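S.K.: Have a look at this one.
The values are calculated or read from the model by the stated rules, or taken from the named source; none is laboratory data. Everything numeric in this text was worked out from a predicted model, so none of it was measured. Every residue, glycine among them, receives a Cβ derived from its backbone with ideal geometry; neighbour counts consider all protein chains shown.
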Amino acid sequence: MSHALNVGIVVFPGSNCDRDVAYVTSELLQWPTQLLWHEETNLSDYDLIVLPGGFSFGDYLRCGAIARFSPIMAAVKDHAAAGKWVLGICNGFQILTEAKLLPGALVRNRDLHFICDRVHLRLEAKERPWLQAYGDKTVIRLPIAHGEGCYYADPATLAELETNRQVLFRYADAQGNVTPESNPNGSLNNIAGICNAAGNVLGMMPHPERAADPVLSHSPSDHTLDGLQLFKSLLDAAVG
């Protein structure tokens, strides 16, 4: 197996973080990368499909509610069912829940304001492939930018997520303490990102592609490359 993943990034009308992800995968990681218009239906050439952030279809109705009907989503479901990687970031996470590829829903932030900030996240379920490259690190820092990022699920679903170790990222303070004060949007259980039971589909509200460029790094110990490790984790998992 070559030491690269073939990446397809879905472009919906209103997507605006697609090029950011493409910069990380094609320029920084040197992985073959294609931008895929939402009417595409053949994803057989790709290892990783990314649903990027933005405002798909203007976020009319609900965030992601229209995008889930795009022709490409049937292919994304087949891609996931085949055990291949799917990553939904911000609006992409919202689309994954609307398409029922992930449980729960993303609703309006607790304070009903759009939030653009950086947050600390505690890494959970580190045995999952998405977190393999983080080593001993238990707290990372990533940017967020959303108005509907409050994760909600019924009690039975929440219990199942916790039991199955499907929560990968939880809002926390710099020391990794999960507190109400460290929760920016009111998400239940401070949930910032979850995977499906099989572990190959991940949805997260924070933006890993915005913390990936070494040119922004001040020192090896800072958090400016915390997002890059997420993508590298997939390669580590793929090459075994």
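S.K.: Report yes if some residue within the stretch 177-192 is closer than 28 Å to residue 47 by Cβ, in contact with a strand residue (DSSP E or B) (Cβ under 9 Å, 6 or more places away or on another chain) and either part of a loop (DSSP other than H, G, I, E, B) or among the small types (Gly, Ala, Ser) (or both); otherwise report no.
M.R.: For the stretch 177-192, residues closer than 28 Å to residue 47 by Cβ, in contact with a strand residue (DSSP E or B) (Cβ under 9 Å, 6 or more places away or on another chain) and either part of a loop (DSSP other than H, G, I, E, B) or among the small types (Gly, Ala, Ser) (or both): present.
S.K.: Could you tell me which numbered condition residue 34 fails, if it satisfies all but one of (1) at pLDDT 95 or above; (2) of a type outside the set (Asp, Glu); (3) in contact with a Phe, Trp or Tyr (Cβ under 7 Å, 6 or more places away or on another chain)?
M.R.: Checking residue 34 against (1) at pLDDT 95 or above; (2) of a type outside the set (Asp, Glu); (3) in contact with a Phe, Trp or Tyr (Cβ under 7 Å, 6 or more places away or on another chain), the one that fails is (3).
S.K.: In addition: Is it fair to say residue 86 is among the β-branched types (Val, Ile, Thr), part of a loop (DSSP other than H, G, I, E, B) and either in contact with a Gly (Cβ under 9 Å, 6 or more places away or on another chain) or closer than 22 Å to residue 224 by Cα (or both)?
M.R.: no
S.K.: In addition: Give me the residue from the stretch 37-75 that is of a type in the set (Ser, Thr, Tyr) and over 21 Å from residue 238 (Cα atoms) and, out of that set, modelled with the lowest pLDDT.
M.R.: Among those residues, the one meeting the criterion is 60.
For every residue, the table says whether it meets (1) part of a helix (DSSP H, G or I); (2) β-branched (Val, Ile, Thr); (3) within 15 Å of the chain's Cα centre (by Cα); (4) at negative phi.
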{"position": "25", "(1), (2), (3), (4)": "yes, yes, yes, yes"}
{"position": "30", "(1), (2), (3), (4)": "no, no, no, no"}
{"position": "34", "(1), (2), (3), (4)": "no, no, no, yes"}
{"position": "39", "(1), (2), (3), (4)": "no, no, no, yes"}
{"position": "43", "(1), (2), (3), (4)": "no, no, no, yes"}
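S.K.: Right, something else. Need pairs with beta-carbon distance below 9 Å; first residue under 20 Å from residue 64 (Cβ atoms) and of a type in the set (Val, Ile, Thr) and within the stretch 16-41, second at pLDDT 95 or above and surrounded by fewer than 19 Cβ atoms within 10 Å (Cβ to Cβ); sequence gap 6+ or separate chains.
M.R.: Listed pairs, sorted by first residue: 41/71; 41/74.
Rundown of residues vs (1) in contact (Cβ under 8 Å) with a residue 40 or more places away in the chain; (2) in contact with a strand residue (DSSP E or B) (Cβ under 9 Å, 6 or more places away or on another chain); (3) among the charged types (D, E, K, R), yes/no style:
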| residue | (1), (2), (3) |
| --- | --- |
| 59 | yes, no, yes |
| 74 | no, no, no |
| 95 | yes, yes, no |
| 101 | yes, yes, no |
| 113 | no, no, no |
| 116 | no, yes, no |
| 119 | yes, yes, no |
| 138 | no, yes, no |
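S.K.: Also, quick follow-up: Quick one: in the stretch 53-107, which of the residues that are hydroxyl-bearing (Ser, Thr, Tyr) and under 24 Å from residue 187 (Cβ atoms) is surrounded by the fewest Cβ atoms within 10 Å (Cβ to Cβ)?
M.R.: That would be 60.
S.K.: Consider residue 78 carefully, then state whether it is touching a Lys or Arg at 6+ places or on another chain (Cβ under 8 Å), farther than 23 Å from residue 107 by Cα, modelled with pLDDT of 95 or more and charged (D, E, K, R).
M.R.: no
S.K.: Right, another one. Has the stretch 66-81 got at least one residue that is hydroxyl-bearing (Ser, Thr, Tyr) and either over 20 Å from residue 97 (Cα atoms) or touching a Pro at 6+ places or on another chain (Cβ under 7 Å) (or both)?
M.R.: no
S.K.: Against the conditions (1) without any contact (Cβ under 8 Å) to a residue 24 or more places away in the chain; (2) under 24 Å from residue 223 (Cβ atoms), where does residue 170 fall short? Just the number, please.
M.R.: Going through (1) without any contact (Cβ under 8 Å) to a residue 24 or more places away in the chain; (2) under 24 Å from residue 223 (Cβ atoms) one by one, residue 170 breaks only (1).
S.K.: Next question. Out of the stretch 180-200, which residues are of a type in the set (S, T, N, Q) and surrounded by fewer than 20 Cβ atoms within 10 Å (Cβ to Cβ)?
M.R.: If the condition is that a residue be of a type in the set (S, T, N, Q) and surrounded by fewer than 20 Cβ atoms within 10 Å (Cβ to Cβ), then 182, 189, 196 are the ones that fit.
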